[in-house]
Amino acid sequence: MPLPQPCPAPPCCSRRCGAGGANSRQVRRMMGAATTRIGQQDPELVDRTGFSPEQINNLHKRFLQLSGNKDTISRENLNDIPALTYNPIKSQIIEAFFDKRNQHDSEVGSLEEITFEQFLMVMSHFRPPTLEMTAEEKQAMRKEKLRFLFNMHDTDGDGKITLEEYRKVVEELLSSGSIEQESAKEITDAAMLEVASTNVPHMGPEDFYEGITFEHFEQILKGLEMESRMHIRFLDTATVHCGKS
Amino acid sequence: MPSRMGARAPAGFARSFWELGLLLLLVFVLLQGSVFPYGADASSQHAKDGCSSTHEGKPNRTKKVFPVLSFEYDHIKTPFEVSLWVLFASLMKLGFHLVPRLSSIVPESCLLIVVGLLVGGLSKLIGESELPKLDSGNFFLVLLPPIILDAGYFLPIRPFMENLGTILMFAVVGTLWNAFFIGSVLFAVCQIPAAGLTHLGLLSCLLFGSIISAVDPVAVLAVFEEIHINELLHILVFGESLLNDAVTVVLYHLFEEFSAFGTVTVLDGFLGVISFLIVAFGGVLVGAIYGILAAFTSRFTSHMRVIEPLFVFVYSYIAYLSAELFHLSGIMALIACGAVMRPYVEANISHKSHTTIKYFLKMWSSVSETLIFILLGVATVGGPHNWNWIFVTSTVFLCLVARVIGVIGLTFIINKFRIVKLTTKDQFIVAYGGLRGAIAFSLGFLLEVEDEEMRHIFLTAIITVIFFTVFVQGMTIKPLVELLAVKKKQEAKRSINEEIHIQFLDHLLTGIEDICGHYGHHHWKDKMNRFNRKYVKKWLIAGERSKEPQLIAFYHKLEFKQAIQLVESGAGGKLSSALPSTVSIQNIQPKKPPPAPEPRERVLPQLPKSREEEIRKILRSNLQRTRQRLRSYNRHTLVADPYEEGLNDLLKKQKMFELEKKIKEMNNYLSVPVATSDSPTLRRARLASDPQAYNVKPDPVDVPTIQVELASPQSPDSVNIMDEFRKDKEKDEDTGLTMKLPSGPSAPPRKQSEEEDAKDPQKLTRCLSDPGPSADEGEDDPFLP
């Protein structure tokens, strides 16, 4: 099959995947259901993202549908999803897809377009835990999910959620109802106060709590079982939705 | 520390043992007292009856001396005895907690059954046969509804809905499996000639199986509430016990019908399925209708706060009765009713009514639970028994086996669909938590079979199973949970940060699902929520609150709770510190004031930063002094209590918060007359929970109105502001420990200030019209001039 060759060197991954997308498109034109191959042909992708080949296939179909059969997705593509219209945190969600920090690299900044593999990497944050996971693996998964959330809040990427950033989150969260800026402010203040007081219980009057670090973030959300909460169901059967064409 | 504990415990034990003994004695005297007069009365009545029949009412003609003190026990007999039993049950409940170690080892339900056994045994010794039975009518119409309503009203809806599939699977398929497995294997056992039960038909066995297979909500609640298991397991077992009612009802009626005729056709089975659907969905529908009615009624109760709780109770009870009227599942109706009405009712009714509902439900349910277990014990002694070794042991054994097989088999299927799988430990707890209880007993009691002996065999077996599950499983489940290290429930209250993130996650997951392009759980939930917000709330919730986003509602609740704690900590010295630290709002505010965000405000000159710092410093030192003086003042008036320190910290924090607000306000509204300096929190708290606050300061005068000329932010006026503040401070110090805000203008100026306070109309309307838990002004009206 003419689909992507396994390529050991990481740097070329994204390009390869892009090529894979293009390839598969051509193949599909020729012989129909060739998209089903992309996952099976790419065990490395399965490894890296933890999705099953079927899930990758389904996501790939969706990817092509969203991008209009292109190799990359831009912000506009995601913006056009009708179901997202009413989502109060729409912009944050879309931004998260283009955030380099969510690609398991240590880079900071944002991308203009993402390839299918990058799309998968973002999606992989929403995998459910499995029954076989050990406690450590669960812990790692939890941390990864929390990191994703943290990155969504920390818009400037300095490793701290400042009061302004947090306030923006709450404001957007409330924007679905009647907007009460004052309430949003109050709530954020109270929330920030709570973070500060649980993590740094003794502050002098002159001290200044600059923002929520990731450790503090973990600390305040330890009551939420993030590993079993933050997931969606990824379809692994080849049904339900079919491509545009 | 341990040694002290060790030394203390026996003493405490001995002491409370004595107390318990005394209590028991007292209660027995009371009870026997109630029984004896009755006996005496009954015999005297007999005598009188005999008398009147022979002498034809002769005594009536002779004029009697007017009885100064007459004795007529019959007149009050029923309510009196009922009250005595309730009193007895409550005293028992009280007594157990006086014995320190007992209640941690043995579940309350076991102790109550033992008490019932003792009472039954005693009265049997005395020869009294008139014992109250666990009468099925009373049980289903009086004792059961409070427990179910309590469970339904406080049902954790979120985990319940998230696991609804699993719960239904266990409740419907699991119960069916149990009933048929137990019934058919028992039939096989009965065919053994040694048992002497060959006359028992298959249908009778199936009928028995359907009675014994249902997990009992009362027993489950009683045991699971004590072991604090994690939310998932709790809702699985408890939800199952609630929802299997429909299955039990249908199976019971089905087999009762069939065992009378003796034949079953395919059509009957089909009708049974239809009947099940009608019973289950009909019950839910009836409950939901009454729930919506209750919510709608509560929309208009703002002028009649006192009867608000009554609506909740009466509507639910009528829902239960209406469902029972058509033999629908009353339990499901009650659950649906409570769960549907709660969010809307809570938004409408006052905080006090909410508390009343909570306490009434808890009180009723715990009393009826106590009564149920005691009466179960009594009935065990009193009832006719027919002990058949083979039948009883095979029943107990089959119950266990069927449950284990059922849970394992069903989990195997369920885990294919669940995202978060059930582990082996979870399966074990779910299987082990399958306790049987009084519902099964009452159903067994209701049985109308021509063969009295068979009924007695059934009843004995049912009681044995109940005792086995409640005693053996109920007592060992706690150590087992600890042994297996099953995750426990987190006790901590949900914090504002967690609430923010729960909401955030909801939207995030919905968004990701939408991007993935398939509509799952979150998508539909989101749709429902939007529908609810857009249409339903408008109709069912009065006033402003219908538009309130959930997060804000949560925040106000939290805020209110903290404020109440603050006030209570002042009154009772019990400090549950909401924020146990010295962090104050200024620690999180960026040093530079945020560039005035309100677009609707005029752009005003801001205080220069240095100036602001200066003000801050002055305020802070002021506060320090205040605090010191407060403390010295306290020493003279109050007994020094250990919480004082924390209390002062809190006070200080609140003050700092206020001052911070003032400074901000100065920045933002320099030209606007500053009307009140209260935060909405404290204002609300004072209004709602501490009417005395109004009396402490009878002459509310100077509301600090600050007028600073626009042109000169540096003018001496700003110094005056400081003076104002300082004055406020000092005034406040004078009042010592009244837990109010600095310069809190009490009720009268509040009115006035509200009139001039136009800067924040939305919040204002909230304060004025908001009837909900946050601020119930309706009840406090008498205190307002």
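The values are calculated or read from the model by the stated rules, or taken from the named source; none is laboratory data. Note that the coordinates shown come from a computational prediction; the quantities given were computed from them, not determined experimentally. For neighbour counting, all protein chains shown are included, and Cβ atoms are generated from backbone atoms with ideal geometry for every residue, glycine included. Only protein heavy atoms, including side chains, enter the accessible area calculation; ligands, DNA and RNA are left aside. Shrake-Rupley method; radii C 1.70, N 1.55, O 1.52, S 1.80 Å.
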Inset, instruction - Among the helices (runs of 4 or more DSSP H) lying completely within segment B:380-449, list those that include at least 1 residues that are open to solvent by 10 Å² or more (accessible area, probe 1.4 Å) and within 14 Å of another protein chain (Cβ to nearest Cβ). - result: B:389-417, B:424-432
Inset, instruction - Identify, by number, the condition in (1) open to solvent by less than 50 Å² (accessible area, probe 1.4 Å); (2) out of contact with any Gly (no Cβ under 8 Å at 6 or more places or on another chain); (3) at pLDDT 90 or above that B:Asn497 doesn't meet. - result: (3)
Legend entry - Matching entry among A:Ser175, A:Ser183 (being modelled with pLDDT under 80, at the interface with chain B (Cβ under 8 Å from one of its Cβ atoms) and under 27 Å from A:Thr85 (Cα atoms)): A:Ser183
Inset, instruction - Among the residues of segment A:93-107, write down those that are open to solvent by 20 Å² or more (accessible area, probe 1.4 Å) and within 11 Å of chain B (Cβ to nearest Cβ). - result: none
Legend entry - Residue that is over 18 Å from B:His501 (Cβ atoms), open to solvent by less than 20 Å² (accessible area, probe 1.4 Å), outside the structural domain of A:Phe217 (by TED's automatic domain parsing) and not acidic (Asp, Glu), where the choices are A:Ser124, A:Ser110: A:Ser124
Legend entry - Some residue of segment B:248-271 being open to solvent by less than 10 Å² (accessible area, probe 1.4 Å), over 19 Å from B:Ile182 (Cα atoms), in a helix (DSSP H, G or I) and not hydroxyl-bearing (Ser, Thr, Tyr): no
Legend entry - Criterion violated by A:Asn69 - all others in (1) within 14 Å of chain B (Cβ to nearest Cβ); (2) farther than 30 Å from A:Glu171 by Cβ; (3) at pLDDT 80 or above satisfied: (1)
Inset, instruction - Give just the number: which of (1) of a type in the set (A, V, I, L, M, F, W, C); (2) over 17 Å from A:Met230 (Cβ atoms); (3) assigned to a helix (DSSP H, G or I) does A:Leu131 not satisfy? - result: (3)
Legend entry - Meets criteria (surrounded by 14 or more Cβ atoms within 10 Å (Cβ to Cβ), away from every other protein chain (no Cβ under 11 Å) and either over 16 Å from the mean Cα position of the chain (by Cα) or modelled with pLDDT of 80 or more (or both)) for A:Thr115: yes
Inset, instruction - Could you please let me know if A:Arg229 is at pLDDT below 80, at the interface with chain B (Cβ under 7 Å from one of its Cβ atoms) and under 18 Å from B:Ser495 (Cβ atoms)? - result: yes
Inset, instruction - Being free of Cβ contacts under 8 Å to residues at least 24 places away in the same chain and part of a helix (DSSP H, G or I) is the filter; apply it to segment B:97-122 and report the residue that is surrounded by the most Cβ atoms within 10 Å (Cβ to Cβ). - result: B:Leu111
Inset, instruction - Among the numbered conditions (1) at pLDDT below 85; (2) farther than 30 Å from B:His523 by Cβ, tell me where B:Gln503 comes up short. - result: (2)
Legend entry - Only one of B:Val314, B:Val306 that is at pLDDT 90 or above, surrounded by fewer than 24 Cβ atoms within 10 Å (Cβ to Cβ) and either farther than 22 Å from B:Gly282 by Cα or not aromatic (Phe, Trp, Tyr) (or both): B:Val314
Inset, instruction - Evaluate the following for B:His354: is it touching a Gly at 6+ places or on another chain (Cβ under 9 Å), more than 14 Å from chain A (Cβ to nearest Cβ), on the phi < 0 side of the Ramachandran plot and of a type outside the set (Phe, Trp, Tyr)? - result: yes
Inset, instruction - Filter segment A:123-147 down to residues that are facing chain B (nearest Cβ under 9 Å) and without any contact (Cβ under 8 Å) to a residue 60 or more places away in the chain and give me whichever is nearest to A:Ile73 (Cα to Cα). - result: A:Thr130
